[in-house]
1. So which residues in region 175-195 are loosely packed, with under 15 Cβ neighbours inside 10 Å, part of a strand (DSSP E or B) and over 16 Å from the mean Cα position of the chain (by Cα)?
2. Ala32 passes all but one of (1) exposed (fewer than 13 other Cβ atoms within 10 Å of the Cβ); (2) under 19 Å from Ala86 (Cα atoms); (3) of a type in the set (A, V, I, L, M, F, W, C); which number fails?
3. Report yes if some residue within region 81-102 is in a loop (DSSP other than H, G, I, E, B), outside the structural domain of Glu186 (by TED's automatic domain parsing) and among the aromatic types (Phe, Trp, Tyr); otherwise report no.
4. Among the residues of region 89-97, are any without any contact (Cβ under 8 Å) to a residue 24 or more places away in the chain and under 18 Å from the mean Cα position of the chain (by Cα)?
5. Among the residues of region 59-72, are any out of contact with any Lys or Arg (no Cβ under 9 Å at 6 or more places or on another chain), within 23 Å of Phe90 (Cα to Cα) and assigned to a helix (DSSP H, G or I)?
6. Go through Arg59, Arg26 for me and flag whichever is surrounded by 12 or more Cβ atoms within 10 Å (Cβ to Cβ), closer than 27 Å to Thr129 by Cβ and of a type in the set (Lys, Arg).
7. Just need a number here: residues in region 3-37 that are closer than 23 Å to Tyr64 by Cβ and part of a helix (DSSP H, G or I).
8. So the check is Cβ under 6 Å with 6+ separation or different chains; which pairs have a first residue in region 34-57 that's free of Cβ contacts under 8 Å to residues at least 24 places away in the same chain and a second one that's of a type in the set (D, E, K, R) and surrounded by fewer than 15 Cβ atoms within 10 Å (Cβ to Cβ)?
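The values are calculated or read from the model by the stated rules, or taken from the named source; none is laboratory data. The shown structure was predicted, so the numbers you read here are calculated from the model rather than taken from an experiment. Cβ sites come from the backbone with ideal geometry, for glycine too, and all protein chains shown count toward neighbours.
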Amino acid sequence: MPPVDRNKPIRADSSDSQYSLVEFMREFPDDAACLEWLWRNRYSPDGEHAHCPTCEKERSFKRYPTSQQRQSWTCTGCGYHLHPTAGTVFHKSSTSLHLWFYAMYLMTSTRCGISAKQIERELGVTYKTAWRMAHLIRHELMADDGTPLKGTVEVDETYIGGKRRDGRTGRPGPGSSKVAVMGMAERSGRVIARKIPDAKGKTLIPLVNQHVMPRSIVLHRRMEALSRSWAVGLLPRPRSPRVESVREWGCSHQHDRRLLVAREARDRWRLPRRLV
């Protein structure tokens with residue numbers, strides 16, 4: 001086994017993490033590194049030249065130390081100031097950028113979500129500050145931008161609202177207080193969830209067409225909703241439908257159910273243009 005450099009730990013190849021805490025602290029060690037990242041990603045890729053609105057051309061910008069600790073770069077030609085935090089959730093915030101970035105790391109790396117109270121404990125800020133940070137990150141930075149999913153997408157639906165008191169199983173009836181929710185998960189990617197009126201095929205298929213890119217493979221653990229959609233004309237009946245085992249796709253269902261490929265761009269299946 002090769003020797004390990006304890007001063008420079010690296011993420012193991014078998015780890016499920018895509019970005020570890022050590023990597024985060026190495027890339028953003030302090031507030032200045034976070035501000036520099038904003039400056040380079042928003043205005044100046046090389047860190048020195050940026051477009052000046054006053055000069056109306058690319059100019060050299062420098063950051064000068066001031067008593068007010070101004071977070072801005074100044075044009076060397078006309079003196080115009082560019083603020084990397086302007087127009088962002090960090091604008092006019094007295095909280096350190098390092099804490100903002102760490103809060104974003106916590107919210108994006110935690111699988112089951114994180115509460116404002118836990119952010120308060122981790123960052124050492126007040127609950128009011130932690131709640132505001134979580135609210136802005138969740139509703140401004142993590143909002144759905146409308147970009148459709150692509151690649152291999154898993155689709156499933158469920159009902160939320162507690163257990164049934166009558167002891168019966170199955171889908172709730174029309175008078176139930178449970179809410180139907182449909183989720184679409186991109187393999188190793190984004191997740192889209194939508195509230196739906198019911199879990200019928202004529203409800204699921206239009207949402208799949210809206211939120212999934214053409215030439216993507218859609219997997220569904222239940223064949224009934226999709227087979228019914230063929231009957232109502234929402235999807236053409238395939239000549240040779242491709243059915244894959246759950247284990248072959250690496251899913252973690254309790255039973256070895258079969259997954260039906262509902263959309264495939266290869267020769268076996270092709271959706272009509274009106275659906276894609």
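1. Once the filter is applied, which keeps residues that are loosely packed, with under 15 Cβ neighbours inside 10 Å, part of a strand (DSSP E or B) and over 16 Å from the mean Cα position of the chain (by Cα), region 175-195 yields Val179, Lys195.
2. Status for Ala32: all satisfied but (1).
3. Yes, region 81-102 contains a residue that is in a loop (DSSP other than H, G, I, E, B), outside the structural domain of Glu186 (by TED's automatic domain parsing) and among the aromatic types (Phe, Trp, Tyr).
4. no
5. Checking region 59-72: not a single residue is out of contact with any Lys or Arg (no Cβ under 9 Å at 6 or more places or on another chain), within 23 Å of Phe90 (Cα to Cα) and assigned to a helix (DSSP H, G or I).
6. Numbers: Arg59 fails: closer than 27 Å to Thr129 by Cβ.
From the options Arg59, Arg26, the qualifying one is Arg26.
7. 7
8. His49/Glu58; His51/Glu58
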